[in-house]
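Participant: Sharing a structure, written as structure tokens. Questions coming.
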Amino acid sequence: MSLVDGLLADTEATGNRATPTRDRLIRAFTRLVQQRGYAAVGTAEVLKLASAPRGSLYHHFPTGKSGLAVAAVEEMTEAVTDALHRAASGRRNLPGLLRGMASARATWLKRTGWSEGPLLTVLSNEVVPHESDIAEALKVGSEAISGAFTDLFIARGFAPDHARRNAHMARSLLDGAMTLSRAARSTDALLEAGNFLATRLADPANRGA
């Protein structure tokens with residue numbers, strides 16, 4: 001996860017066989033990595049959590065665990081960018097959107113008992129630069145998310161350069177605040193970040209943010 005991960009984090013793995021096996025594997029992998037990190041997750045437990053048959057992981061992901069990680073990054077990137085594009089085309093005001101992103105992350109952290117971190121952040125901290133294929137997927141995903149967030153600011157009246165700068169600042173503040181909130185087991189840092197973003201970065205006329 002990255003920017004609006006708190007809004008997407010309830011996509012959890014289940015044993016519901018009506019969900020395609022590939023999707024169950026990705027969801028199981030995402031849940032486990034968010035809880036324990038990439039290195040600590042084995043393919044056997046991914047299969048168990050996904051209620052997937054033996055051999056299905058390599059059928060869908062020939063390169064194994066790294067291929068599964070790439071697919072999870074791509075799916076999360078698509079979900080986040082889609083959410084941002086829908087927000088850009090909607091009518092909700094920018095302060096409300098920014099506060100909502102911070103609040104959703106805070107809600108997700110509390111709901112998971114502070115036990116899970118955002119997928120994209122966890123993988124970025126752990127596998128870059130050791131796993132080149134995952135690192136490349138993370139790079140592409142980060143650029144796509146920043147671009148979608150920039151478009152959100154542009155849609156609310158910001159000039160492109162100003163929008164790009166604010167998008168980077170907002171992502172950095174939200175990601176950092178999430179780490180602080182998780183460590184402190186308190187939502188204060190996230191909620192304060194949301195308020196700062198809403199009051200300082202949401203006005204196109206405010207060039208000093």
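The values are calculated or read from the model by the stated rules, or taken from the named source; none is laboratory data. Being a predicted model, the structure only gives us computed values, none of them experimental. Just the protein is used for accessible areas: all its heavy atoms, side chains included, with ligands, DNA and RNA removed. Shrake-Rupley method; radii C 1.70, N 1.55, O 1.52, S 1.80 Å.
Participant: Need the list of aspartates and glutamates near Lys110 for cross-linking: C-alpha distance under 20 angstrom, and skip anything on the same chain fewer than eight residues off.
Facilitator: Hits, sequence-local ones excluded: Asp5, Asp10, Glu12, Asp175, Asp188, Glu192.
Participant: How would you classify region 71-209 from its alpha-carbon gyration tensor, with a ≥ b ≥ c the square roots of the eigenvalues: rounded for a/c under 1.5, else prolate if a/b is greater than b/c, otherwise oblate?
Facilitator: In terms of gyration-tensor shape, oblate.
Participant: What does the helix-only formula give at 222 nm for the chain: each DSSP H stretch with n ≥ 4 adding -39500 (n - 2.57), the total divided by the residues, and the result rounded to the nearest 500 deg cm²/dmol?
Facilitator: -22000 deg cm²/dmol, from helical runs alone.
Participant: Same structure again: Which of the lysines could be linked to Lys65 by a straight reach, that is with a Cα gap under 26 Å, when you skip same-chain ones fewer than 8 residues away?
Facilitator: Cα-Cα hits under 26 Å: Lys48, Lys139.
Participant: Please calculate how many Å² of accessible area the chain carries per residue, with a 1.4 Å probe and no DNA, RNA or ligand atoms counted.
Facilitator: Roughly 47 Å² per residue, with all protein chains present.
Participant: Further question on the same structure: Would you mind classifying region 159-205 by shape? Square roots of the alpha carbon gyration tensor eigenvalues, ordered a ≥ b ≥ c; an a/c under 1.5 is rounded, otherwise it is prolate if a/b is larger than b/c and oblate if not.
Facilitator: oblate
Participant: Sequence gap at least 6, Cα distance under 8 Å: using those rules, report the relative contact order of the chain to the nearest whole percent.
Facilitator: So the answer I get is 27 percent.
Participant: Let me see the pair-distance distribution of region 121-167: every alpha carbon pair, 10 Å bin width, integer percents in order.
Facilitator: 28, 35, 26, 11, 0
Participant: Wrap a convex hull around the Cα atoms of region 40-140, take a quarter of its surface area, and give that in square nanometres.
Facilitator: One quarter of the hull surface, i.e. the mean projection, equals 8.1 nm².
Participant: Specify the residue with the greatest mean-square fluctuation among Thr81, Thr30, Thr179, computed from a Gaussian network of the chain linking alpha-carbon atoms under 10 Å apart.
Facilitator: Thr179
Participant: By its C-alpha gyration tensor, with a ≥ b ≥ c as the square roots of the eigenvalues, how is region 133-196 shaped: rounded for a/c under 1.5, else prolate for a/b larger than b/c, else oblate?
Facilitator: oblate
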